[in-house]
1. Once the Cα atoms of helix 27-61 and of the chain are each reduced to a long axis, what angle between those two axes, in degrees from 0 to 90 to the nearest 10, is obtained?
2. Given the alpha-carbon gyration tensor of the chain, what are the semi-axes of its equivalent ellipsoid in whole angstrom, ordered largest first, with each equal to the square root of 5 times an eigenvalue?
3. Please give the helix 10-22 orientation as an angle from the longest Cα principal axis of the chain, in degrees from 0 to 90, rounded to the nearest 10.
Amino acid sequence: MARVLISMSPEFLNKVDSIANSEQRTRSEYIREALRNYMRRNRGINLHKAQAIANELEELIG
């Protein structure tokens with residue numbers, strides 16, 4: 001597995017660690033899951049936008 005170095009404030013890292021610990025996960029597991037959820041949600045938003053644009057184009061074309 002590749003490693004990635006990211007920067008964050010100590011306060012934010014403390015929040016991340018606190019949540020990870022409360023869910024009995026490692027920091028890496030928690031961050032991976034957060035990124036997966038973000039990517040899933042963002043993909044859904046992009047699909048919704050694409051469908052809205054397609055609908056507008058259909059109306060314009062007739």
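Any read-out appearing in this document is the output of simple, stated calculations on the displayed coordinates, not a laboratory observation. Given the structure is predicted, the values throughout are model-derived calculations rather than measurements.
1. The angle comes out near 10 degrees.
2. Taking √(5λ) for each Cα gyration eigenvalue gives 39, 11, 11 Å.
3. 90
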